[in-house]
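The values are calculated or read from the model by the stated rules, or taken from the named source; none is laboratory data. Given the structure is predicted, the values throughout are model-derived calculations rather than measurements. Note: ideal-geometry Cβ built from the backbone for every residue, glycine included; neighbour counts use all protein chains shown. Remember, those area values only see protein heavy atoms, side chains included, never the ligands or the DNA or RNA. Shrake-Rupley method; radii C 1.70, N 1.55, O 1.52, S 1.80 Å.
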Amino acid sequence: MTDFKKIYQQVYKKNNLYSLKKDKPCKNILKNNRPNTVAVVGGALGDEGKGRVTDELTALFLKNHQKVVHYRDNGGANAGHTVETEGVRIALHQLGSGIMQKNADIIMGKEMVLHPEDLVTEIKDVLKACKSKKLPANLIIDEMAFLCLDTHRAFEAVIKMRSRGGEGATGRGISPAYADVVFRHPLRMRDLMARTWKKKLKKHYEMYRDWVKGMGYKLTDLEAPRLGQPNVRIGSYAVFEKRLAKTRQTLKQYVQPVQDKLNKYWEDGTPIVIEKSQALGLDKRWGVYPDVTASNCGFDGIFSSTEGVFDPDQFSAKIATIKATYSSSVGARRLPTLMKGELADRIRKDAHEYGATTGRPRDIAHIDLPMLSFLAKTGRVEYLAITHLDISYPDTPVKVCVGYEIEGKPAVYRPDQEHLDKVKPIYIELPAWDGAATQKAKKISELPQEAQQYVAFISESLGVTPLLITTGPKRHQTIKCF
Ligand code: IMP
């Protein structure tokens, strides 16, 4: 069991800015292994700012390279983040966060579950925001990517109405779409583009019609949520097909085989930024049920979705994003370090902690080192992108959970709600710092001393090196540690 208190003694009492001062491999971050190859995962329970971090890394590479590949690996419309580039602010769900970058290839990978109609809405939103007929980046959708349709969303709604299983989910039909993969009858983008698309689609519709009928519902009358629009009534097969007929025409230009491209880019040294979705703590292998998502949220998923081409062992940096002073969560889980009262409300308001996909207010929790270190270890994390360092109030110490006990005896973190319901968190309180001063800092040495110590403590505790720190909502409010 990691002794976080001992690490605290080392960092604070000896004033030892360990990770920040030592000549760690940060300096050569872009030169390790296959140079210029970075992958970003969420290091906690989602919404830690991956979109912004991957977008900024893409922009960084584009300063010195003519082209960058931005690969989005998993998930679908359950993700949500806002990206701001040159004064244009846009909310993204399915598109890779580098979509606003000229000279970037945005590849939407084989393990994604894509909702075609929502994707078209998102593409139109980007075109509108850029006042252009052409997307800034070059969008490529892997023909092998899975479809996530209104049928999946309706089915998820039925499960939610009937029983446990759907609660907490974003309602975007993600797990039914991945369940089709496990059942070995998924629909892929190339099925939608094929001449025989109507036949396959009809078979799919009829299967879902029969499934929901068996559960006492009529598919035609069920509704599916839509991105930024009112719910859609599923309707008859003819109506369902008509909606997709228009959509497939718009998407056709972007759908293609990608395997040769991935091979070529990997071989010719083009910089690669990989954006994972959701977070390590939402992975079905490492997360707490029922609040897990259906895709693989770790770096290892990249190896399978690229059919062994993008090898995580060769990446120059495997990065996890975490929020500096707190955690947030959506879903039904009961967090041991859940924060209640005024401080939670203040953080929720200042950091705008409302679901980007669902608009739900997020739960706010004290930072939980046992959980984060479990996820860093099992997720094979090497570097940290620490976001929201400005969320700190000088009048309120930062409370950090450094361990658990059950009936007075030390206990470990395990991804099991029954176990977590029994644990009592052990906290230490650390000196807070001025958020406004933090927002102005351009380099680590300009951060308030307490914030520097804190970053050193967190990264030492998790055994990972800080790479990027965000100090405010604006793009320039990012400190590079390399
Ligand atoms: P699903 O991905 O819609 O199946 O939802 C499964 C669980 O993951 C639920 O608890 C969701 O709230 C959570 N979840 C899915 N995507 C995100 C995300 O991007 N951020 C935070 N939580 C998410």
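For region 48-98 versus region 173-244, the inter-centroid distance based on Cα atoms is 29 Å. With the charge dipole of region 146-255 set up from +1 on Lys and Arg Cβ and -1 on Asp and Glu Cβ about the Cα centre, the Cα lying farthest toward the positive end among the listed residues Q229, W197, L149 is that of W197. Placing unit charges on the Cβ atoms of the charged side chains and taking the dipole of the chain about its Cα centre, the candidate lying farthest along the positive direction among Y413, I90, A456 is I90. Net charge dipole, region 146-255: roughly 460 debye, given to the nearest 20, about the Cα centre with Cβ charges of +1 for Lys and Arg and -1 for Asp and Glu. Each residue was assigned an accessible area with a 1.4 Å probe, and for F374 the value is about 40 Å².
Roughly how many Å² is the accessible area per residue of the chain, as a whole number, for a 1.4 Å probe?
Per residue, the chain has an accessible area of 43 Å².
P(r) for region 146-255, from all Cα pairs and a bin width of 5 Å, is 2, 12, 22, 26, 22, 11, 4, 1, 0 %, short bins first. Normalising the average separation of contacting C-alpha pairs (under 8 angstrom, six or more residues apart) by the number of residues puts the relative contact order of the chain at 21 percent.
Solvent-accessible area assigned to carbon and sulfur over region 201-277 amounts to 51 percent, based on a 1.4 Å probe.
Strictly over 29 Å apart at the Cα level, which of K6/K276; K110/K442; K323/K440; K218/K242; K63/K261 would you flag in this model? Too far apart for the 29 Å limit: K6/K276; K110/K442.
With runs of 4+ DSSP H residues as the only contributors, calculate the mean residue ellipticity of the chain at 222 nm using -39,500 (n - 2.57) per run, divided by the residue total and rounded to the nearest 500.
Helix-only estimate at 222 nm: -9500 deg cm²/dmol.
Each listed q (0.06 Å⁻¹) maps to a log10 I(q)/I(0) for the chain from the Debye sum over equal C-alpha point scatterers, namely -0.26.
Relative contact order, whole percent, for region 146-255 stands at 27, derived from Cα pairs under 8 Å and 6 or more residues apart. Mind jotting down the distance between the C-alpha centroids of region 115-144 and region 320-361, whole Å? Here the two parts' Cα centres lie 30 Å apart. Computed over region 291-443, the convex hull of the alpha-carbon atoms projects to a mean area of 11.4 nm². Rg and Dmax over the alpha-carbon atoms of region 198-307 stand at 19.1, 55 Å. For R334, R153, R188, the ranking by accessible surface with the largest value first comes to R334, R188, R153, using a 1.4 Å probe. Based on C-alpha pairs under 8 angstrom that are at least 6 apart in sequence, region 397-471 has a relative contact order of 26 percent.
Database remark: amide H of T82 closer than 5 angstrom to the amide H of L92 (H placed geometrically; neighbours at sequence offset of 5 or more, or on other chains; Pro and chain starts carry no H).
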